[in-house]
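Enquirer: One structure, as C-alpha cells, below. Some questions next.
The values are calculated or read from the model by the stated rules, or taken from the named source; none is laboratory data. Because the structure is a prediction, the values reported are computed rather than measured. We place every Cβ from the backbone using ideal geometry, glycine too, and count neighbours over all the protein chains shown. The area values use the complete protein model at the heavy-atom level, side chains included, leaving out ligands, DNA and RNA. Shrake-Rupley method; radii C 1.70, N 1.55, O 1.52, S 1.80 Å.
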Amino acid sequence: MGVSVGLVGLPNVGKSTLFNALSRGGAEAANFPFCTIEPNVGIVPVPDDRLHLLAALAKSERVVPTTVEFVDIAGLVEGASQGEGLGNQFLAHIREVHAVCNVVRCFEDPDVSHVAGSIDPIRDVEVVATELALKDLETLEKRVERAQRAAKAGDRDLKRQADLLGGLEVHLSAGDPARTFPGFHEDPGLMRELSLLTAKPVLFAANVAESDLPDGNAMSDAVREYAAGHRAEVVVVSAQVEAELVELEPSERAEFLTSLGLERSGLERLIDAAYRLLGLLTFFTAGPKETRAWTVPAGATAPRAAREVHSDMERGFIRAEVISFEDYREHGSEQAAKEGGKLRVEGKAYVVRDGDVIHVRFNV
Ligand code: GDP
C-alpha cells in the first residue's frame with residue numbers, strides 16, 4: 001500500500017531542507033533508487049535492519065524495502081484558505097496524503113527570516129491549524145445545510161446524520177480538529193466521505209538547531225505540550241543535521257549521530273512515528289531471488305497481506321506459511337525454522353503480526 005505523508009508548515013521553517021534530506025538520505029541508506037515522481041514528491045525506503053538480516057539469511061539476490069511517499073506541500077500561509085499565498089493549491093495535495101507532518105520552526109537564526117517576523121512555534125502551529133479548520137468548515141457548512149433539509153422529511157437516520165454533522169460543525173468552529181471530535185466513531189463512513197483535512201493524523205516535526213539535539217528546547221517542549229492535547233505526535237529533528245547526514249558515508253553517519261546523542265536519524269524517527277500514527281505494520285517475504293518488506297494496516301488478515309504481493313494471491317489464497325522474524329533469525333533459515341516446528345500454517349482469518357515472514361500458497 002502506498003503510504004504518503006505530506007510536509008506542511010509556514011514558509012522558511014525548513015520543509016524543503018527536510019524533504020531533500022529525507023529523499024536523498026533514504027535513497028542512499030537503503031541503496032534503493034530514489035525516485036522523484038514530481039519535484040515535490042519523493043519515495044523514501046523505510047529503513048529496517050530486520051530486512052537486511054533476513055536477506056542475508058535467505059541469500060537473496062535482491063533486497064526491496066517498503067516505502068513511504070513524502071510530499072513537500074508548499075504554500076500554506078495565513079489566509080491561505082481565502083486564497084493567500086499559493087491559495088488553495090495546497091489543499092488538493094493535503095487531501096491526497098494519509099498523514100500530515102507539520103514542520104515547525106523551533107530554531108533561531110537572524111539570517112533566516114520568518115513570515116511573521118518572530119519565532120513562535122505555537123502561533124505557527126495555530127495558523128496552520130486554523131487555515132485547515134476554516135477550509136473544513138467551508139466543506140461542512142454546505143453539507144450540514146443539505147443534511148438538515150433532507151432530515152426535515154422526518155427520516156430518523158437522516159436526522160441523526162444532520163445532528164452529528166451539526167455537532168462536528170460546532171467542534172470545528174471552536175478551533176478543534178475533526179480528529180478529536182467525540183462523535184467521529186459514530187459514523188466513520190460519513191466522516192470519511194467528508195474527507196476533512198483536520199481528520200488526518202498529524203505529526204509535528206519540531207525543527208531545532210543542532211545544539212538542541214537530542215531532546216529539543218523550550219520551543220519544542222511547547223510543541224510537545226500542544227501535541228499532547230491535540231492527539232498528535234512530535235519528533236524533534238534538525239533539518240540541517242539531516243541535510244549534513246546524507247552527505248556522509250554510513251560509518252561516519254553513525255559516528256555523527258552518536259556524537260549528537262542520537263541513536264537514529266530524523267528520517268527513521270519520522271517514519272516510525274508515521275507508522276505508529278497510521279497503525280501500520282511490516283511483514284516480509286524472503287527467498288533466494290528476493291527478500292522484501294511490505295506494509296499493511298494493523299489488523300490485516302493473511303489474504304489482505306497477500307494482496308500487497310499480488311491480487312492473484314488474494315483471489316486464489318489457500319494458506320499462509322508463517323515464521324516470525326525472531327524464529328527465522330534464531331533458526332537461520334526457513335528450512336531450519338520448519339524443522340524446529342516454527343513454521344505455522346495459517347488460514348484466511350489469520351491476522352498478520354509485525355515482522356511475520358510469510359509464504360502464501362495460492363491457486364492461479
Ligand atoms: P521551507 O520554506 O519551509 O521549505 O524552508 P527551507 O527548507 O527552504 O529553509 C529556509 C531557510 O532556513 C534555508 O535558508 C535553510 O537553510 C534554513 N534552515 C532550515 N532548517 C534549519 C535549521 O535547522 N537551522 C537553521 N539555522 N537554519 C535552517
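Enquirer: Can you list residue pairs whose Cβ atoms sit under 6 Å apart, with the first residue in the range 216-234 being polar (S, T, N, Q) and the second being crowded, with 16+ Cβ neighbours inside 10 Å? Count only pairs 6 or more apart in sequence or on different chains.
Expert: Asn217/Val208; Ser220/Cys106; Ser220/Ala206; Ser220/Val208; Ser220/Val236
Enquirer: Now for a separate question. Could you tell me which of the residues Leu267, Leu172, Leu190 is within 27 Å of His114 (Cα to Cα) and assigned to a helix (DSSP H, G or I)? Explain how you work it out, then say what you get.
Expert: On the way: Leu172 fails: within 27 Å of His114 (Cα to Cα); Leu190 fails: within 27 Å of His114 (Cα to Cα).
Sole residue among the options that is within 27 Å of His114 (Cα to Cα) and assigned to a helix (DSSP H, G or I): Leu267.
Enquirer: Restricting the search to the range 11-40, which residues are modelled with pLDDT of 85 or more and either away from the ligand (no atom under 12 Å from the Cβ) or open to solvent by 50 Å² or more (accessible area, probe 1.4 Å) (or both)?
Expert: Residues satisfying the conditions are Asn12, Ser16, Thr17, Asn20.
Enquirer: What number of residues within the range 317-337 satisfy the criterion of being open to solvent by 70 Å² or more (accessible area, probe 1.4 Å) and within 18 Å of Thr291 (Cα to Cα)?
Expert: 4
Enquirer: Go through the range 217-245 residue by residue and tally those that are open to solvent by less than 10 Å² (accessible area, probe 1.4 Å), in a helix (DSSP H, G or I) and within 12 Å of the ligand (Cβ to nearest atom).
Expert: Count: 3.
Enquirer: Here's a check for you: in the range 218-238, which residue that is modelled with pLDDT under 95 and farther than 25 Å from Leu140 by Cβ is farthest from the chain's Cα centre (by Cα)?
Expert: Across the range 218-238, the extreme among qualifying residues is Ala228.
Enquirer: Answer yes if at least one residue in the range 121-137 is surrounded by fewer than 20 Cβ atoms within 10 Å (Cβ to Cβ), more than 22 Å from Gln89 (Cα to Cα) and modelled with pLDDT of 90 or more, and no otherwise.
Expert: Yes, because at least one residue in the range 121-137 is surrounded by fewer than 20 Cβ atoms within 10 Å (Cβ to Cβ), more than 22 Å from Gln89 (Cα to Cα) and modelled with pLDDT of 90 or more.
Enquirer: Let me ask something else. Hey, among Pro214, Pro297, which residue is within 16 Å of the ligand (Cβ to nearest atom), open to solvent by 40 Å² or more (accessible area, probe 1.4 Å), farther than 19 Å from Asp72 by Cα and in contact with a strand residue (DSSP E or B) (Cβ under 8 Å, 6 or more places away or on another chain)?
Expert: Pro214
Enquirer: I need a count of the residues in the range 147-169 that are open to solvent by 50 Å² or more (accessible area, probe 1.4 Å) and either part of a helix (DSSP H, G or I) or under 27 Å from Ala92 (Cβ atoms) (or both).
Expert: The total comes to 8.
Enquirer: Which of the residues belonging to the range 48-76 are out of contact with any helix residue (DSSP H, G or I) (no Cβ under 8 Å at 6 or more places or on another chain) and of a type in the set (A, V, I, L, M)?
Expert: Leu51, Ala55, Ala56, Val64
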